[in-house]
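The values are calculated or read from the model by the stated rules, or taken from the named source; none is laboratory data. Note that the structure is predicted; figures quoted are calculated from it, not measured. Here the Cβ positions follow ideal geometry from the backbone for every residue, glycine too, while neighbour counts run over all protein chains shown.
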Amino acid sequence: MLIQEISTLIQKDLRLEWRQRYALNGILLYLVSTVFVCYLSFNAQPNQLAIPVWNALFWIILLFTAVNAVAKSFVQEPEERQVYYYTLTSPQALILSKIIYNTLLMWLMSVIGFSVYALIMGNPIADLGLFFGNMVLGGLGFSSVLTMIAGIASKAGNNTTLMAVLSFPVILPLLLLLIKISKNALDGLAFSVSVNELVSLGAINVVVLVLAYILFPYLWRS
């Protein structure tokens, strides 16, 4: 069954991550050090940073954290192991398990990143519910897009330049929506103001997931 295959593959990724904790530790180190460098660069006390700057910095940090976290999805899988997967599981189960695992990882990084960022740079958010809902959708969006692009790049020798070029057109509108919704949450605007952006954000996530489910099998066969 598809669900059982996905569950098994996610458990495999969790065990692999636990054995190679240096990758997770490296991401955490990058996240914390980036926040600290921003603090030193702006020389700002908590809650003294302008809201648009606070918002933009937060999402830039999360974006590059997502790239570092998700880029290794297929890099850490040797070609021989991928051939072995080909004989055991369906490509749909493989790509969905990667997306789910990376989404969970991204949500964890988002919570840690927000906690560290808010502690050091202050927390000017007026509507925490909207902001965290936006983070959930953003984590899913980043993971879906970057996982699919990482799969394509893996077929081109894990070319990181190709991954950056292919992901930019999709990540950019996603990032703009996330920043706009977060700005509304920071300003404490009514939820109805952000409905259209939230629907657009959810639609992008659904389209990417459907495309990954449909197109990845063709990529996998190559």
Practice prompt. Scan region 170-198 for residues that are modelled with pLDDT under 90 and farther than 16 Å from ALA126 by Cα and report the count.
Written response: 4
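Residue by residue, here is whether (1) closer than 16 Å to TRP54 by Cβ; (2) under 14 Å from the mean Cα position of the chain (by Cα) holds:
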{"position": "MET135", "(1), (2)": "yes, yes"}
{"position": "VAL145", "(1), (2)": "no, yes"}
{"position": "MET148", "(1), (2)": "no, yes"}
{"position": "ILE179", "(1), (2)": "yes, no"}
Practice prompt. Scan region 136-143 and give yes if some residue there is within 14 Å of SER73 (Cα to Cα) and out of contact with any Lys or Arg (no Cβ under 8 Å at 6 or more places or on another chain), otherwise no.
Written response: yes
Discussion item. I need every pair where a residue in region 188-205 that is touching a residue at least 40 places away in the same chain (Cβ under 8 Å) and on the phi > 0 side of the Ramachandran plot has its Cβ under 6 Å from the Cβ of a residue that is surrounded by 12 or more Cβ atoms within 10 Å (Cβ to Cβ) and in a loop (DSSP other than H, G, I, E, B), sequence separation at least 6 or different chains.
Written reply: GLY188/ALA126; GLY188/ASP127
Worksheet item: What residue, among those in region 1-43 that are over 18 Å from ASN102 (Cβ atoms) and not in a helix (DSSP H, G or I), is modelled with the highest pLDDT?
Response: MET1
Worksheet item: Taking region 51-71 as the search range and keeping residues that are over 12 Å from the mean Cα position of the chain (by Cα) and surrounded by 17 or more Cβ atoms within 10 Å (Cβ to Cβ), which one is nearest to LEU14 (Cα to Cα)?
Response: PHE58
